Structures are given as structure tokens and as C-alpha cells.
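The block underneath contains the structure these notes are about, expressed in C-alpha cells.
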Amino acid sequence: MASSVPTLGALLRGVRNREGWTLKQMSEKSGIPVSTLSKVEHDRLTLTYDKLYQVAQRLGLRMSELFAESSDEAPAAITARRSLCDIDHAVRVETHNYDYYFLCTDLRRKRMIPVISKIRAKTSKEFGELVHHAGEEFVYVLNGRVTVNTEHYDTVTLEAGQSIYIDSSMGHAYLAAEGCDEATVLAVMSSADEELLQSLMTMHEGH
């Protein structure tokens with residue numbers, strides 16, 4: 001039987017239980033109302049990126065710590081691992097430009113970060129500055145049309161079923177193409193940087 005994939009609510013509840021805090025104490029420390037925390041823990045509400053970043057900052061945590069189970073044991077050799085997940089059990093994080101659905105968050109120290117992303121930004125002005133982060137990434141368009149702006153290449157538009165592979169350190173932005181209100185892509189990002197997840201989320205702090 002497949003292990004259940006933790007939701008954002010379960011992850012936050014795990015942090016609270018690990019520290020021995022009540023909901024009220026967690027609320028006071030994080031600045032998030034008790035009622036909101038309760039709904040998140042019961043998976044009736046998600047948090048925007050700004051709120052999630054606020055929680056991490058107020059609790060003195062790295063963003064990546066919210067997406068990894070706690071363990072005092074030495075890292076085990078990565079052998080025969082697997083994780084089953086779907087978008088309904090992904091950890092959702094909202095940013096101005098995208099909705100991220102992080103998949104397979106029960107696996108720690110992954111060298112690849114699989115994400116379903118819903119792209120809303122339609123113009124470069126709306127998106128803001130091109131983003132850069134460590135590693136490489138592969139993006140496959142599931143539905144809609146996506147305009148890809150990169151630092152060293154001409155702009156290209158991808159239709160559903162098309163894909164692109166880029167060096168992530170090159171400035172880049174994904175936009176919903178003209179006539180498309182929202183596009184959905186599968187993105188797989190890879191890096192030797194164990195803090196890749198934190199980098200991916202921090203780069204959208206101002207977006």
C-alpha cells in the first residue's frame with residue numbers, strides 16, 4: 001500500500017506537534033489567526049506564498065523545512081525509493097504568477113523537484129524580472145499555451161504537448177500566451193543544491 005503524501009496541513013501540524021505548541025501558541029508565534037491555522041491543518045484552506053513565507057520567517061525555519069519530515073537520524077542511502085502522488089494530494093503554494101502543486105513531498109533530499117504549475121501572468125510587466133536559480137528544468141505543457149521568455153534566446157510559444165529544457169541559471173519566465181487565461185505545465189527541476197526547494201520558493205518572494 002502506498003504511503004500517504006503529507007498535505008500542507010499535515011506538515012504544519014507536524015511542526016506544531018514537534019515543538020509542543022497549541023494552536024494558540026502557533027498563532028502567536030506565526031502571526032496567523034487561530035481559525036486560519038485550524039482550517040489549514042484540516043485541509044480546508046491553503047496559504048498563499050506570502051503567508052507561508054511569513055510562517056517560516058516567524059518560526060525561524062527555512063522554507064524547505066516545511067516540506068520535509070523531521071529526523072535526527074543520519075541520511076539513509078537513497079535506494080529503492082518511490083512515492084505515489086496526484087494533484088489532489090500535492091502541497092499547494094500560491095504566488096502572484098503561479099499556483100505551485102509540489103508532488104512527492106514525502107521524499108526528502110530529492111535531486112528533482114516535480115511540480116504542477118498553473119500559470120496566470122500574461123505579460124512581462126505583470127511577471128516582473130526574469131528569475132534565476134540553480135540547476136536545470138524541463139517543462140511540458142499539459143493544457144493552454146505558454147510563452148517562454150529567456151535571457152539569451154528569442155521568445156517562443158509552446159502549445160499543449162510541447163516542451164522545453166533550459167539551464168535554470170539563465171533568466172527565464174513562463175507566461176500564459178495571448179488568448180489563454182491560464183496554462184498548466186508539468187515542471188521537473190533538478191540541481192545538486194539540497195536547498196533547491198527553498199530557492200524555488202524564495203525567488204518568487206517579490207512576485
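The values are calculated or read from the model by the stated rules, or taken from the named source; none is laboratory data. Here the structure is a predicted model, which means the values were calculated and not measured. Ideal geometry is used to build each Cβ from the backbone, glycine not excepted, and the neighbour counts take in all protein chains shown.
In segment 106-125, of all residues being more than 28 Å from Gly9 (Cβ to Cβ) and touching a residue at least 40 places away in the same chain (Cβ under 8 Å), the one that is surrounded by the fewest Cβ atoms within 10 Å (Cβ to Cβ) corresponds to Thr123.
Going by the structure shown, is Thr105 under 26 Å from Ile116 (Cα atoms), at pLDDT below 85 and among the hydroxyl-bearing types (Ser, Thr, Tyr)? So Thr105 passes the test. Each residue in segment 128-158 was checked for being in contact (Cβ under 8 Å) with a residue 60 or more places away in the chain and touching a strand residue (DSSP E or B) at 6+ places or on another chain (Cβ under 6 Å), and 1 of them qualify. Glu137 falls short on exactly one of the conditions (1) surrounded by fewer than 14 Cβ atoms within 10 Å (Cβ to Cβ); (2) modelled with pLDDT of 90 or more; (3) closer than 30 Å to Gln57 by Cα; (4) acidic (Asp, Glu), and that condition is (1).
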